[in-house]
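Working notes for the structure below.
The values are calculated or read from the model by the stated rules, or taken from the named source; none is laboratory data. Just so we're clear, the structure is a prediction, and the values are computed from it rather than from any experiment. All Cβ positions, even for glycine, are placed from backbone atoms using ideal geometry, and neighbour counts span all protein chains on display. We work out accessible area using only protein heavy atoms, side chains counted, and drop any ligands, DNA or RNA first. Shrake-Rupley method; radii C 1.70, N 1.55, O 1.52, S 1.80 Å.
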Amino acid sequence: MAARAGLTFELETQGARANTQPQTSSNASLTDSDAILHASRLADSTVPDGGYGWIVIFGCAVITWWFVGTSYSWGVIQAALVEQGLSSPSTLSFVGSMTTAIISVLAIVNSRVMRAFGARYTALLGVFLVGVGEVLAGFATRNIRGLFVTAGGIMGIGTSLCFIVVSVTPAQYFSKKRGLANGIVFAGGGLGGAVNSFAIDGLIQRVGPAWTYRVIGLATLATGLPAAWLIKERSTIRSATFIEWRLFRDFRFVILFVAGAVGTFPLFVPPFFLPMYSHSLGFSSSTGAGLVAGFNFSSAVGRIACGFLCDILGPLNTLFLSLLLCGISMTALWPVSNSLASLIVFVIINGASNGGFFATMPTVVGNVFGSARVAVAMGMIVTVWAGGYLMGAPIAGYLLDAYGGAEGGLQAYRPAIFYAGSMALGAAGLVGLVRLRMNMRVLGKL
């Protein structure tokens, strides 16, 4: 138990499952004498797999509905702000990207905040900042600097606090059902994005962007704060190391570290640019919002489906297929999607594979490096996602501007689309390299 005392019990982030088998190919470098793997088994053996945990899952899902759902609906707001002449797509993309990039920038800081104040009060603070940031953004829809501070900065800090709570807390209540539990939590974000996309578009048409922000902010506070109060820890989270430098000596960790950094660049390009892309085809703003809603709904389904596929195919195989499908759909399908039917097919495929990335990466880390190490390892990996979160969509925006802008027709969008697709394929190649390094059998479960 001495080895256990120095370890954190926030064992998972997002959809990770613990590896409780004696020794598998996915953790071949770990042995039964590995203290961290032993601590994983001890911690997993004490969780209730239900009970009050389902209330916690409900509270986390409601919070995820708002902070993830609103982030993924940014494309609808962005299209409206571009139309009213506030700024260019490339500049406005930075606002939406900044909100999610702060998750990575403050990952280690927020872990300490949660240890100091607990899950409930951290969630309350996070929801409060998200809601207040949205309300204040309603007063900055004609001031790009103000929008960076409110929708980017204040909402971003709140989003990062919410993210750490919903990623860590469910693991205290679930072991065998951990993948399902986390899948439900993050599926809430996909469903929130689907509903919010329609709601935001309808509000923009009726009351304009300013009041849309205020209404969404008040709704976030009214439902998110009670949900945050439902969240409580089953046990006190102990202090732990935050950076395990020796992991960088492991080839698998280094490649997964780089794959995560590359793989985040394309993730927000489709939801941010689909409304403008559909508008260039002559469709209405409602159609663009519907496409974003479909993308988010498919993302929710993909998060849950990939949780089950991790058990059937193995998490590393599932992550590889998720990134591969994401890249192929962007390079082969999106550039030729010039009708509503083809766009819908793209949205379904890309949305599901996009959501699978978030649900599967923590599972890979947990299985390869041990579930008791996943908080540290994922914290290190998520930190480097900041580049993709912050620059992924803006780079696409700059490419769009350089080749003709939002009104430049389909040809203007293709460089941005191929850029995003190639990044996803590159990340898939890196994951495939790790997979073959660990097991050369193509059909092996890993």
Scanning region 384-404 for residues that are farther than 23 Å from A259 by Cα and touching a residue at least 40 places away in the same chain (Cβ under 8 Å), the one most open to solvent (accessible area, probe 1.4 Å) turns out to be Y398
Taking first residues from region 406-432 that are closer than 16 Å to Y389 by Cα and second residues anywhere that are in a helix (DSSP H, G or I) and of a type in the set (S, T, N, Q), the pairs with Cβ under 8 Å that are 6 or more apart or on different chains are G421/S329; G421/T331
Picking from S73, S111, S97, S90, the residue that is surrounded by fewer than 24 Cβ atoms within 10 Å (Cβ to Cβ) and closer than 29 Å to A293 by Cβ would be S90
Among G59, G51, G85, G75, the single one that is touching a residue at least 40 places away in the same chain (Cβ under 8 Å) and within 30 Å of E407 (Cβ to Cβ) is G75
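Conditions (1) within 16 Å of the chain's Cα centre (by Cα); (2) buried (at least 24 other Cβ atoms within 10 Å of the Cβ); (3) of a type in the set (D, E, K, R), marked per residue:
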position	(1), (2), (3)
I157	yes, no, no
F186	yes, yes, no
G189	yes, yes, no
A199	no, no, no
I231	no, yes, no
Based on this model, can you work out whether T169 counts as hydroxyl-bearing (S, T, Y) and either within 13 Å of V95 (Cβ to Cβ) or open to solvent by 10 Å² or more (accessible area, probe 1.4 Å) (or both)?
no
In region 330-370, residues that are among the polar types (S, T, N, Q), over 12 Å from G302 (Cβ atoms) and part of a helix (DSSP H, G or I) total 4
Expected single match for surrounded by 18 or more Cβ atoms within 10 Å (Cβ to Cβ), of a type outside the set (D, E) and in a loop (DSSP other than H, G, I, E, B) among A79, A140 is A140
R249 vs (1) open to solvent by less than 60 Å² (accessible area, probe 1.4 Å); (2) out of contact with any Lys or Arg (no Cβ under 9 Å at 6 or more places or on another chain): all pass except (1)
Are any of the residues in region 260-267 aromatic (F, W, Y) and closer than 18 Å to T159 by Cα? no
Restricting region 253-290 to residues that are among the hydroxyl-bearing types (S, T, Y) and outside any helix (DSSP H, G or I), the one farthest from R437 (Cα to Cα) turns out to be S284
Of L319, L324, the only residue that is surrounded by fewer than 23 Cβ atoms within 10 Å (Cβ to Cβ) and modelled with pLDDT of 90 or more is L324
Flagged in region 173-183 as part of a helix (DSSP H, G or I) and either touching a strand residue (DSSP E or B) at 6+ places or on another chain (Cβ under 8 Å) or open to solvent by 10 Å² or more (accessible area, probe 1.4 Å) (or both), in numbering order, are L180
Scanning region 340-362 for residues that are open to solvent by 40 Å² or more (accessible area, probe 1.4 Å) and either closer than 23 Å to A259 by Cα or touching a residue at least 24 places away in the same chain (Cβ under 8 Å) (or both) gives L340, I344, I348, I349
* To do: For region 238-251, indicate whether the set of residues that are over 22 Å from I108 (Cβ atoms), modelled with pLDDT under 90 and part of a helix (DSSP H, G or I) is non-empty.
  => yes
